[in-house]
Amino acid sequence: MAGSKGKPAGERQSRGQGMTALQMEKAAHRADAAAQTTTSHNLMITKIQHQEQQDKGKIAADSPAERISFTLFTKDKGILTKRMKLIEGQLEKDASECRMSRGRAETVTLAPEQFGAFLQGLKPNQAIAHGICGHSKALIVSKAKENGARAADGLPIIARSKEHFRYPEGPGVMMLDHDKARANSVALDDKALQAYTPDRLVEIISIFFPEIKQAAYVAACSTSSCIYSAETNEELRGKGAGFHLYLFLKNASDAPRFLKVLGKRLFLAGYGRIEISRAGSLLERTLADLLVGSPERLDFVAGAVCDKGLEQRRPKPEQHQGGLLDTANMLDLTAEEEAAYQEIIRQLKEKAQPTQETIKATYLEQEAEKLASSSGGTISLE
């Protein structure tokens with residue numbers, strides 16, 4: 001049987017033309033499929049490129065220049081938060097375990113929009129500080145046990161002191177602690193005695209510092225708030241117990257100065273008061289606790305530990321979008337403003353004096369009774 005090589009050229013050409021038509025039909029199908037594949041592939045590449053652009057944007061937003069740093073403390077034994085108790089039908093707050101002689105410190109760096117979720121995940125044996133120690137991790141001991149050595153795992157051993165902790169010279173966190181005024185508080189204007197919401201506090205500060213309205217912040221209910229009876233479902237302490245307002249600063253090292261100036265400007269705006277301690281001391285107070293401005297100070301923001309019969313139902317921290325706050329725009333007081341502030345303090349202390357004398361006398365009597373009881377004798381205050 002003769003092969004194709006033996007066929008005349010014309011027949012080979014004719015049959016070749018027929019095969020070409022069939023192949024062309026198949027080729028057309030393959031071309032369509034290839035075109036679809038190419039289109040899908042191009043779409044995939046476009047999506048990948050778009051995702052890469054988004055990722056680059058996210059990385060830029062979460063770059064070190066836009067991320068905040070602070071410290072997470074974890075206590076080795078026991079809790080590092082407040083304990084809520086029900087004693088003879090009265091809700092009591094026990095902060096006796098809010099101290100830490102041994103544990104670990106870890107520097108945390110994250111984006112401001114991640115801060116609320118971070119707070120919500122804190123455990124009862126954890127708290128934060130707004131400063132950093134210069135180590136990614138460290139073992140914390142009391143000042144008396146600090147000797148400059150390292151732990152077996154190589155971690156530095158340090159005390160939780162200003163010697164080791166400082167505010168970042170860059171993005172960081174600052175907290176405004178807002179609580180209800182004491183019953184014995186004295187003010188020149190009743191608005192200084194009111195409890196406010198986080199949004200309202202920001203509005204008040206914006207009266208003399210408008211930049212705060214554009215700042216990101218997180219508001220978290222205080223550790224001892226939102227306590228309910230597990231049996232009756234009764235609210236024993238609500239959200240009005242106070243809150244922590246967290247601001248994210250461009251330069252956290254300015255926090256102490258900023259807090260000091262903020263307090264004085266709140267006094268000048270009519271939001272300052274004098275509270276009287278149990279011993280009769282006069283305490284300058286305003287809408288935000290100004291004593292939190294220290295880098296090593298513990299911020300107890302984890303949920304409370306509730307005794308049997310109690311439940312805590314704190315809502316999630318409220319996250320408000322915005323940018324980093326440039327506290328440098330809050331200027332120091334002028335000489336005239338400082339004089340006006342001092343005059344307000346003088347008037348407040350003068351107004352508080354009668355109540356102060358009564359409270360101090362009561363305190364001295366109680367202390368004398370305690371001393372007499374412990375010594376088995378009698379002590380006269382005259």
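The values are calculated or read from the model by the stated rules, or taken from the named source; none is laboratory data. As the structure is a computational prediction, the values presented were derived from the model and not from experiment. Counting neighbours? That spans all protein chains shown, and the Cβs are built from the backbone with ideal geometry, glycine included.
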Filtered residue count, the range 197-238, keeping only those that are over 26 Å from LEU110 (Cα atoms), of a type in the set (D, E, K, R) and touching a residue at least 40 places away in the same chain (Cβ under 8 Å): 2
State whether the residues of the range 242-253 include one that is charged (D, E, K, R), in a helix (DSSP H, G or I), touching a helix residue (DSSP H, G or I) at 6+ places or on another chain (Cβ under 9 Å) and over 24 Å from PHE73 (Cβ atoms). no
Within the range 317-355, how many residues turn out to be touching a residue at least 40 places away in the same chain (Cβ under 8 Å) and among the charged types (D, E, K, R)? 7
For the range 79-108, pairs from a residue that is at positive phi to a residue that is part of a loop (DSSP other than H, G, I, E, B) and small (Gly, Ala, Ser), with Cβ under 9 Å and 6 or more apart or across chains, are none
Being small (Gly, Ala, Ser) and touching a Pro at 6+ places or on another chain (Cβ under 9 Å) narrows it down to one of ALA269, ALA252, so name that one. ALA252
Could you list, in sequence order, the residues of the range 201-235 that are hydrophobic (A, V, I, L, M, F, W, C), part of a loop (DSSP other than H, G, I, E, B) and either under 25 Å from PRO171 (Cβ atoms) or in contact with a helix residue (DSSP H, G or I) (Cβ under 7 Å, 6 or more places away or on another chain) (or both)? PHE208, PHE209, ALA216, CYS226
Just for the range 177-194: of the residues that are modelled with pLDDT of 95 or more and of a type in the set (Gly, Ala, Ser), which one is surrounded by the fewest Cβ atoms within 10 Å (Cβ to Cβ)? SER185
I'm trying to understand the selection: among the residues of the range 102-160, which are among the aliphatic types (A, V, I, L, M) and within 18 Å of ILE79 (Cβ to Cβ)? ALA105, LEU119, LEU122, ALA127, ILE128, ALA129, ILE140
Going residue by residue through the range 103-114, is there one that turns out to be of a type in the set (D, E, K, R) and at pLDDT below 95? no
Filtering the range 327-362 down to residues that are over 30 Å from ILE276 (Cα atoms) and surrounded by 15 or more Cβ atoms within 10 Å (Cβ to Cβ) yields THR327
Flag if GLY293 is surrounded by 19 or more Cβ atoms within 10 Å (Cβ to Cβ), touching a Pro at 6+ places or on another chain (Cβ under 9 Å) and under 30 Å from TYR228 (Cβ atoms): no
Counting only strands (runs of 3 or more DSSP E) entirely within the range 266-382, those with at least 1 residues that are of a type in the set (A, V, I, L, M, F, W, C) are 273-276, 282-285, 310-312
Out of the residues in the range 127-161 that are modelled with pLDDT of 95 or more and of a type in the set (D, E, K, R), state the one that is surrounded by the most Cβ atoms within 10 Å (Cβ to Cβ). ARG160
Every residue from the range 238-276 that is of a type in the set (S, T, N, Q) and touching a Lys or Arg at 6+ places or on another chain (Cβ under 9 Å): SER253
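For every residue, the table says whether it meets (1) closer than 18 Å to THR223 by Cβ; (2) part of a strand (DSSP E or B).
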{"site": "LYS77", "(1), (2)": "no, no"}
{"site": "LYS93", "(1), (2)": "yes, yes"}
{"site": "SER96", "(1), (2)": "yes, no"}
{"site": "PHE115", "(1), (2)": "yes, no"}
{"site": "HIS135", "(1), (2)": "no, no"}
{"site": "ILE140", "(1), (2)": "no, yes"}
{"site": "ALA152", "(1), (2)": "no, no"}
{"site": "GLY170", "(1), (2)": "no, no"}
